[in-house]
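I have placed the structure first, in the form of C-alpha cells, so that the comments after it can refer back to it.
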Amino acid sequence: MERINILVKRLNLTTTENIVLHSVKNFSKHHLSEYLTRPVTTDNIRKIYQEFGDIGIFGSTITSDYTAGLTNKMYGLIAKEIEAVDSGFRSMLSVQSSLVMKPIHQYGGDRLFEKYVPDLSIGKTIGCFGLTEPDSGSDASAMKTNARLDGNHYILNGSKTWITSSPLADVFIIWAKEDGKVSGFVLDRSMEGISTPEIKNKMSLKSSITGMIHLTDVKVPKENKLDVSGMRGPLSCLNNARFGISFGVLGAAEYCIQQTIDYGLNRNLFGSLLAEKQLFQSKLANMTTEYNLGLSAALTVADNMDDGVFIPEMISLIKRNNCSKSLNIAREARDMLGGNGITEEYNIFRHMVNLETVNTYEGTHDIHSLILGNYVTERKAF
Ligand SMILES: Cc1cc2nc3c(=O)[nH]c(=O)nc-3n(C[C@H](O)[C@H](O)[C@H](O)COP(=O)(O)OP(=O)(O)OC[C@H]3O[C@@H](n4cnc5c(N)ncnc54)[C@H](O)[C@@H]3O)c2cc1C
C-alpha cells in the first residue's frame with residue numbers, strides 16, 4: 001500500500017492515534033475479514049457489533065465516559081480500514097456511530113444519552129436510522145410517517161424502508177412529521193407496534209442486513225423526542241455519516257488497486273508480465289491518481305471539520321467524488337483481472353457491487369450534484 005499512497009506520506013497523527021489506527025488495521029485485516037467466509041446470520045452480525053464495541057470504535061468522535069473522543073480525521077481513517085474489508089461492515093459502523101449515537105448525544109439530553117449510549121457503545125445493542133420511506137428516498141422531506149401528541153406520549157404511524165440493520169435493531173432513530181414539521185424520536189424494541197421485516201436477496205452489501213420498519217400506533221414517551229426541529233435534524237446526522245463514507249470508499253478502492261498490482265505482477269501474457277504492459281500501467285496511473293486526489297480532499301475536509309470551519313457542501317463534494325471514483329476504480333480493476341475479476345477469491349467484484357450501493361445511499365450522486373449546483377449558482381434545481 002506504501003506505493004499507492006503517493007500524495008499522502010504523513011498523516012500527522014499523535015502516537016496514541018497511530019497505535020489506535022494500527023490496531024484497527026490489524027483487527028480488520030486478520031479478524032474482521034474472517035467474517036466474509038461465515039454465513040450472514042443475526043448471531044454473526046451481533047458478534048461483529050460486539051467486536052467493534054470491544055475495540056472502542058463506536059461513536060468515536062463523541063467525548064464521554066463511554067466513547068473515545070477522537071478527531072473526525074481518525075473517524076474517517078478508521079472507516080477506511082473497515083471498508084477495505086467490506087462496505088457492509090463500514091455501514092454498520094457509520095449507522096451506529098453517526099446516525100444513532102450522534103443524534104442521541106447532540107439532541108437527546110443526558111437522560112436519553114445515559115439510557116441508550118452505554119450499551120450502543122459496546123455493541124451490546126444495535127441501532128438503526130429510519131429516514132427513507134417507500135415513497136420518499138432522495139426527497140426525504142416528503143415523508144408520510146407521522147407523530148401525534150397524546151397526553152404524555154407521541155403516537156407514531158408509518159413505514160420506513162431500506163434501513164440498515166433494522167431487523168435486528170434494539171434502538172430506532174425515527175424521523176416523523178408532527179404538524180407538518182420533521183421531528184426525531186428514539187424508539188426501542190420494547191415498544192409495541194414495531195415490526196421490521198428483512199429485505200431479502202440483495203445483490204450488494206450482502207454482509208449487512210437491511211430491512212423495513214413498520215410503525216403501528218407506537219406509543220413513545222414524550223421525553224424520547226429529540227431536541228431538534230425540521231430537516232436540520234436528519235441532515236446534520238447524515239453530514240457526519242457521509243463524511244465517514246468519503247474515507248471508507250477509499251479503503252475499498254485501495255484494496256482493489258493493490259489486488260490489481262499484485263495480479264499484474266504475477267500474470268504472464270504475450271511473453272511478459274501484465275504489469276509491464278503500457279495499457280495496464282496507464283490504467284493503474286489513472287486509478288492511483290483518483291485515489292490520491294480523493295484521499296487528499298477527504299483529509300482537507302477532515303482538518304476543516306476538526307478546526308470547526310466547514311460547510312456541508314464540502315461533504316457533498318467528497319461524498320460524490322470519492323464514491324463515484326472508487327466505484328470506477330473497482331469496475332476498472334474487475335476488468336483488469338479478466339475472468340478472475342468476477343471470482344470471490346479476489347474480492348474485487350464484491351467491492352464493486354458494494355460501491356454501487358454506497359454511491360446511491362446517503363444522498364445519491366445526482367443529489368450531491370444538485371447540492372453543489374445550488375451552492376455555486378444559488379439556484380435550486382431539485
Ligand atoms: C443497502 C442500503 C442501505 C440503506 N440504509 C439506509 C438507512 O439505514 N437509513 C435510511 O434512512 N435509508 C437507507 N437507505 C436508503 C438510501 O438512502 C436511499 O436508497 C437513497 O436516499 C435514494 O433513495 P431512493 O432509493 O428512494 O431513490 P430515489 O430517490 O427514488 O432516486 C431514484 C433516482 O432518481 C434520481 N433523482 C432523485 N431526485 C432527482 C432530481 N431532483 N433530479 C434528477 N434525478 C433525481 C436519483 O439520483 C436516483 O438516480 C439505504 C439504501 C440501501 C440500498
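The table that follows gives values for the structure above.
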quantity: In Hz, Karplus ³J(HN,Hα) per residue of segment 133-138 (6.51, -1.76, 1.60; θ = phi - 60°; x = Gly, Pro); calculated: 10, x, 9, 8, x, 4
quantity: Distance (nanometres) between label positions extended 7 Å along Cα→Cβ at ILE199 and GLU223; calculated: 3.5
quantity: Positive minus negative residues near VAL24 (Lys, Arg vs Asp, Glu; Cβ under 13 Å); calculated: -1
quantity: Placed amide H near GLU178: partners under 5 Å, 5+ positions off or other chain; calculated: ALA147, SER183
quantity: Burial order of peptide ranges 191-204, 138-151 (average beta-carbon count within 10 Å, highest first); calculated: 138-151, 191-204
quantity: Contact order relative to length of the chain, as percent, for alpha carbon pairs under 8 angstrom and 6 or more apart; calculated: 17
quantity: Karplus-derived 3J(HN,Hα), 6.51/-1.76/1.60, for each residue of segment 41-48, Hz, glycine and proline x; calculated: 10, 4, 4, 5, 5, 4, 4, 4
quantity: Neighbour net charge for SER159 - beta-carbon separation under 15 angstrom, K R +1, D E -1; calculated: -1
quantity: Pairs of lysines in segment 15-121 (C-alpha under 21 Å apart; 8 or more residues apart or interchain); calculated: 10
quantity: The chain: antiparallel DSSP beta bridges as a percent of all, rounded to 5; calculated: 85
quantity: Nearest-0.05 FRET efficiency for ARG189 and LEU235, computed from C-beta distance (R0 22 Å); calculated: 0.25
quantity: Mean Cβ count within 10 Å, highest first, over the residues of peptides 104-110, 247-253; calculated: 247-253, 104-110
quantity: Alpha-carbon Rg/Rh ratio, for the chain, with Rh computed the Kirkwood way; calculated: 0.98
quantity: Segment 81-134 versus segment 330-364: alpha-carbon centroid distance in Å; calculated: 26
quantity: Nearest 10 degrees, 0 to 90: helix 232-264 Cα axis against the chain principal axis; calculated: 20
quantity: Farthest toward positive dipole pole in segment 15-121 [+1 Lys/Arg, -1 Asp/Glu at C-beta], among LEU93, SER23, GLY108; calculated: LEU93
quantity: Tally of Lys pairs whose C-alpha atoms are under 23 Å apart, taken over segment 127-229, 8 or more apart or cross-chain; calculated: 20
quantity: Local net charge near ASN374, Cβ-Cβ under 12 Å (Lys/Arg +1, Asp/Glu -1); calculated: 0
quantity: Amide hydrogen neighbours beyond the local backbone of ARG267, cut-off 5 Å, H modeled; calculated: LEU274, ALA275
quantity: Debye, to nearest 20: dipole size of segment 279-382, +1 on Lys, Arg Cβ, -1 on Asp, Glu Cβ; calculated: 300
quantity: Segment LEU269-ASN26, extension gain: residue separation times 0.36 nm, minus the distance between their alpha carbons; calculated: 84.0 nm
quantity: Rounded tilt (10° steps) of 365-377 against the dominant C-alpha axis of the chain; calculated: 80
quantity: Nonlocal amide H pairs with THR125, under 5 Å, H built at 1.01 Å; calculated: LEU120
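Values in this text are rule-based calculations from the coordinates and carry no lab data. None of these values were measured; they are calculated from a predicted model. Neighbour counts are summed over all protein chains in view; Cβ atoms, including those assigned to glycine, are modelled from backbone coordinates with ideal geometry.
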